[in-house]
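**Student:** Supplied in structure tokens, the structure appears directly below.
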Amino acid sequence: MLRTLVISPNWIGDAVMAQPLLRRLKELAPGRPIDVLAPTWVAPVWRAMAEVDAVIESPFKHGALQWKERKAFAKMLKARGYADSYVLPNTLKFALIPWLAGIPKRVGYKGEMRYGLVNVMHHDDKAAPRPMAQFYQALADAPVRHLQRPERLPEPVMTVAAGEAEAAIARLQLPAGVLVAFAPGAEFGPAKRWPSSYFAELAQTILANRPDAQILLLGSPKDRAVCDEITAIVPQAHNLAGSTSLSEAIALIARAAAVVTNDSGLMHIGAALGRPVVAIYGPTDPRHTPPLSQLAQILWLHIECSPCQQRECPLGHQNCMKQILPADVWQPLQPMLAGA
């Protein structure tokens, strides 16, 4: 049976936003299995998508060409029998793999001048920014130069197998109660982080109103220090940053009554799992990478200097985040927790 290969982006949030592409591919070829080639750290996201038949973890190092290794890997892929491939990263290195594997249809955006490597070429109109979910989904259809933004953007959907959340709760020895997930980190840089003292104040407000709440601080090992700043003020919160696998974090978010998050990969996961999300934006643009869910609430002041898209605030004040107060986040969060 012929198969489809999708080559994953390197970022968790981008992988989530690529799910509508897979849904569209299934609509066009319902019986064709879809494999995803993904970095190890992104693989759990794809495993939570019903459209994926198999996830193949990429063995390549970031930034390295590894020509010999790519040729050997492509030979393995060729044996799986792919009819088409969709190259989501824009770099030349990723486009080499389906070309070396002899996959006849190789779809992607122009990126790093990949003519020949990509033989169904889409063009990215940088003068007309488009939401990422729509950007990826468009690869399933005939190329167009100008993507028209639809009235309603496609919404990614992820699922978690029964029992995964309970297993994570048991392993982490979390007390019973209503789970509220916080994602205080941001891989992109500190400019995207809502102040840890604000997260702490919000946690105190939640606990004052819902004493049964269990505040889960989720993130990678890099986020541990930021989460420590929160637990120094609110010791009842559970600092799980770096203590869970991504699969466990996904399972815990699936059980959460609400998710409070910066613009991050975990934000997109919460939205795709159908959880109520309060998403806090400052230097980035929610028109480009919003949490795609009817249950998501976006807080963005869009002050004069925002969006700057910088890792650190170039003006040194981070007003785009600091002027969103804990009370502003509590307002949309309160009804989310009322029915939990």
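The values are calculated or read from the model by the stated rules, or taken from the named source; none is laboratory data. Just so we're clear, the structure is a prediction, and the values are computed from it rather than from any experiment. Neighbour counts run over all protein chains shown; Cβ positions are idealised from the backbone, glycine included.
**Student:** Taking segment 1-35 as the region of interest, how many residues are crowded, with 17+ Cβ neighbours inside 10 Å, in contact with a Lys or Arg (Cβ under 9 Å, 6 or more places away or on another chain) and of a type in the set (A, V, I, L, M)?
**Tutor:** Going through segment 1-35 one residue at a time, the tally reaches 3.
**Student:** Ok, one more. Are there any pairs, at least 6 apart or on different chains, whose C-beta atoms fall under 6 Å, with the first in segment 300-326 and under 15 Å from D263 (Cα atoms) and the second among the β-branched types (V, I, T) and loosely packed, with under 15 Cβ neighbours inside 10 Å, and if so, which?
**Tutor:** C320/I303
**Student:** Do you know which residues across segment 58-96 are of a type in the set (D, E) and within 22 Å of L139 (Cβ to Cβ)? Even if it seems obvious, please write down each step before you answer.
**Tutor:** We begin by selecting, within segment 58-96, every residue of a type in the set (D, E); these are 69, 84.
The one that is of a type in the set (D, E) and within 22 Å of L139 (Cβ to Cβ): D84.
**Student:** Another question about this same structure. Out of everything in segment 156-199 that is outside any helix (DSSP H, G or I) and touching a Phe, Trp or Tyr at 6+ places or on another chain (Cβ under 8 Å), what residue ends up being farthest from C308 (Cα to Cα)?
**Tutor:** From segment 156-199, those outside any helix (DSSP H, G or I) are 156-163, 173-189, 193-195; that's our starting set.
Filter again for touching a Phe, Trp or Tyr at 6+ places or on another chain (Cβ under 8 Å), leaving 182, 184, 187.
Values: F182: 24, P184: 20, E187: 16 Å.
Residue satisfying both the conditions and the ranking: F182.
**Student:** Can you work out which of the residues in segment 200-239 that are of a type in the set (G, A, S) and in a helix (DSSP H, G or I) is surrounded by the most Cβ atoms within 10 Å (Cβ to Cβ)?
**Tutor:** Across segment 200-239, the extreme among qualifying residues is A203.
**Student:** Just one of K93, K68, K78 is more than 16 Å from V120 (Cα to Cα) and in contact with a Gly (Cβ under 7 Å, 6 or more places away or on another chain); which is it?
**Tutor:** Values: K93 fails: in contact with a Gly (Cβ under 7 Å, 6 or more places away or on another chain); K68 fails: in contact with a Gly (Cβ under 7 Å, 6 or more places away or on another chain).
That would be K78, the only listed residue that is more than 16 Å from V120 (Cα to Cα) and in contact with a Gly (Cβ under 7 Å, 6 or more places away or on another chain).
**Student:** Still on this structure: Out of A168, A83, A133, which single residue is in the same structural domain as L295 (by the TED database) and in contact (Cβ under 8 Å) with a residue 40 or more places away in the chain? Break it down into steps so the answer makes sense when it comes.
**Tutor:** Working: A83 fails: in the same structural domain as L295 (by the TED database); A133 fails: in the same structural domain as L295 (by the TED database).
Exactly one of A168, A83, A133 is in the same structural domain as L295 (by the TED database) and in contact (Cβ under 8 Å) with a residue 40 or more places away in the chain, namely A168.
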